[in-house]
Amino acid sequence: MAIRTLSLQEFDQFRSARTPLARGLTNKAVEWFVDDVRTVLGAIAYDERDLDWRFVILGRDTQNRFRAFDHGAGIKDLEEARRQLVEQMALAVPVVAQTCMTSHRAPPQSAHRQ
């Protein structure tokens, strides 16, 4: 599992910022990330009011839409924000992947066949 950086244009193609938390953070983001199977996104933003860094992690829900999954705030420098984001994204990938797989399973077949 790899996590790579994205450009803003690539990030916007996911149409990911649907929730207020995601919108509030991703609109001010300076860096964007995705996992190699494209189930988890991340963004890092600088909070000018609090003078610190924050991040948001977005994961696909059961309907395959991105929703805010996790976030961090109060981080004093960009390098630490990046480190925390990548670490949390790596933990989120298997959880989100399981959710996506569960939602796309075929319905169970009836035990009564004719």
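Each residue, Arg67 and Val30, gets one label point 7 Å from its Cα in the Cβ direction; the gap between the two is 3.1 nm. Between Ala97, Ala45, His71, the Cα set farthest toward the positive side of the dipole of segment 3-102 (charges on each charged residue's Cβ, about the Cα centre) is that of Ala97.
Taking the average, over residues, of other Cβ atoms within 10 Å as the packing measure, peptides 33-41, 90-98, 6-14, 54-62 rank 54-62, 33-41, 90-98, 6-14 from highest down.
Using the Cβ of Glu10 as centre and a radius below 15 Å, the other residues enclosed give a net charge of -1, where K and R count +1 and D and E count -1.
Dimensions of segment 3-102 from C-alpha coordinates, computed as largest minus smallest value along each principal axis and given longest first, are 40, 23, 21 Å. Close amide-amide hydrogen proximity is noted between Asp47 and Asp52, Trp53, Arg54, each under 5 Å apart and 5 or more residues distant or on a separate chain (H modeled in the peptide plane; Pro and chain starts excluded).
No value in this document is a laboratory result; all are computed from the given coordinates. Quick caveat, the model's predicted, so the values are computed rather than measured. As a convention, Cβ positions derive from the backbone with ideal geometry for all residues, glycine included, and neighbour counts pool all protein chains shown.
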